[in-house]
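Engineer: Structure incoming, see below.
The values are calculated or read from the model by the stated rules, or taken from the named source; none is laboratory data. Just so we're clear, the structure is a prediction, and the values are computed from it rather than from any experiment. Note that each Cβ is placed from the backbone with ideal geometry, even for glycine, and that neighbours are counted across all protein chains shown. With ligands, DNA and RNA removed, areas are computed over all heavy atoms of the protein, side chains included. Shrake-Rupley method; radii C 1.70, N 1.55, O 1.52, S 1.80 Å.
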Amino acid sequence: MVDGHGDHPNESKCCGVVERAVERSREKSERRKNKPQPWIVLKLAVGMTAGILGYAFYVYIGRLCVPMIRDNDGALGGRNIGIPFLIIFCLLGIMTWWTYIKIVFTGPGKARDYTSKCDPPILPANYRWWGSASEIDLGGGPFIPVPQDQQQVQSTSYPHGGTEPSSDGHTTIPSAPSFNMSEHVSEKNKHSQAEENAGVMDTLPPVQRVRVRAEQLNNGSAQPKDIEQGIPAPSNQLPMRYTRKPSSTPVLNPEYRYCHKDGFLKPYRAHHCRACGTCILKYDHHCPWIGQCVGARNHKFFVNFLFWAMWFCLWTFSTLLANVIKMNQNPRNDIDPQQVVIVAFAALFSIFTSTLLATHIRMILYNFTTVESFSMSRMKEREQAVLGRLFKIYQFGEKRRARKQWDTEWGRIGIEGNIWYLGSLRSNWESVMGHSVLYWIFPIGESDGDGINWTVNPRFDKEGRWRPRREWPEELR
Ligand SMILES: [Zn+2]
Ligand SMILES: [Zn+2]
């Protein structure tokens, strides 16, 4: 008996060789991707930054302050201006150096120092993968790919008309995609799954439409065009059947916290940094300017550095620019190119540090990281899109009222709806920046906590799902 492969032994062999080669090159590139950057590449920008800082000192003191102190002709001012300029520059410069050295030499905290290696959690064969387990998805991720018929069941079982899945959803949804971790769910698979899900459930499911369809199915008269007619035209009334739809991904569960690259369970809020090649506690972002990650142990110092670097850059920029302009007004003077270079650098870094500082102050006040902010903005964008479909473009009042109603039902996105929210902006701020104004400004003290254990917002369930207000603890409602 000759089977299909037996007809073309050469082709089969040839394909086998190609497959093995493809597999080998895939493994190779995977290994390359998982390797941390070489030390010299990681620290390159640190040397550059230190060089620019040193050069700024030379130009500012040697080419601006000294001529003023010497009362040279054509200088910006006399000694009475030169000396205060020098003192202010040196104070800001010293603070910038101090905070820079502190942030460069304070590590963010690595998860591997506190966790031991373990096997991936074994999940039942029919385990339902709830969506993205990507390195940057924590709550508010893509909506769950609830099958159409499942949506009908769920939508009718909720008084507010939402399509919230039951917490034991993975046992009651037979047709949901199932994955077995022990069969190696590759990162890539999970990502593409998440992308797919995002496509399916990118917007709030129109529950009314589903209900109408369910009724029609019961009467045996389901027609595709009838389904569309089930959606009433937008009215001024609040659309009760639409509600906020937070992610149902149990982000705190072990299967969502396992790092396949490191081979251990990540503590809450830890994420893998590709540049550093390891998991970082409360990973915020990898900052090339400091040659390492910003995380649990150095987030505070990063903000301290941004604060002083911003004032240093603004001061250097404004005073040096004034000098360049004054020199330009006198036809006998040539423009000093070195001063122009520092003015340009100072302008660039002023914008950079002030924007970054504002962003980080806001994130610390609300207690989320750069990584965690992505899912919140995605959720806001999706809601915006839903409101755009529900109301006409000019119906601002209606949109505001709808959002307000959702906030009443659920709490606000990024505040009550942030899994790490500690109850007030002040407690959020102090948990990171310390409990004294001195700590907020100077690179001393440290953040609360150990970077490993984090208090979960009681408005979330133990698996990390945002609950509606009626399910919150009594005292918080
Ligand atoms: Zn890792
Ligand atoms: Zn890093």
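Engineer: Any residue in region 301-309 that is within 16 Å of ligand 2 (Cβ to nearest atom) and assigned by TED's automatic domain parsing to the domain that holds Tyr58?
Structural biologist: Residues of region 301-309 that are within 16 Å of ligand 2 (Cβ to nearest atom), as a first pass: 301-302.
Keeping just the survivors that are assigned by TED's automatic domain parsing to the domain that holds Tyr58 gives 301-302.
Yes, the conditions are met somewhere in region 301-309.
Engineer: Let me ask something else. Filter region 283-300 for residues that are open to solvent by 10 Å² or more (accessible area, probe 1.4 Å), touching a residue at least 24 places away in the same chain (Cβ under 8 Å) and either near ligand 2 (Cβ under 10 Å from one of its atoms) or at positive phi (or both) and give the result.
Structural biologist: Within region 283-300, Tyr283, His285, Pro288, Gln292 meet the criteria.
Engineer: Among the residues of region 63-114, count how many are within 16 Å of ligand 1 (Cβ to nearest atom) and in contact (Cβ under 8 Å) with a residue 24 or more places away in the chain. Walk me through how you get there before you give the answer.
Structural biologist: First, pick out the residues of region 63-114 that are within 16 Å of ligand 1 (Cβ to nearest atom): 107-114.
Add one more test, that the residue is in contact (Cβ under 8 Å) with a residue 24 or more places away in the chain, and what stays is 107-112, 114.
Final tally of qualifying residues: 7.
Engineer: Right, another one. Can you find, within region 323-339, the residue that is farthest from Ala56 (Cα to Cα) among those that are under 45 Å from the mean Cα position of the chain (by Cα) and part of a loop (DSSP other than H, G, I, E, B)?
Structural biologist: Ile335
Engineer: Follow-up question, since we're still on this one. Is at least one residue of region 379-387 of a type in the set (A, V, I, L, M), assigned by TED's automatic domain parsing to the domain that holds Lys462 and without any contact (Cβ under 8 Å) to a residue 40 or more places away in the chain? Spell out how you get there, then give the answer.
Structural biologist: Taking region 379-387 and keeping what is of a type in the set (A, V, I, L, M), we get 379, 385-387.
Keeping just the survivors that are assigned by TED's automatic domain parsing to the domain that holds Lys462 gives 379, 385-387.
Now drop any that are not without any contact (Cβ under 8 Å) to a residue 40 or more places away in the chain, which leaves 387.
Yes.
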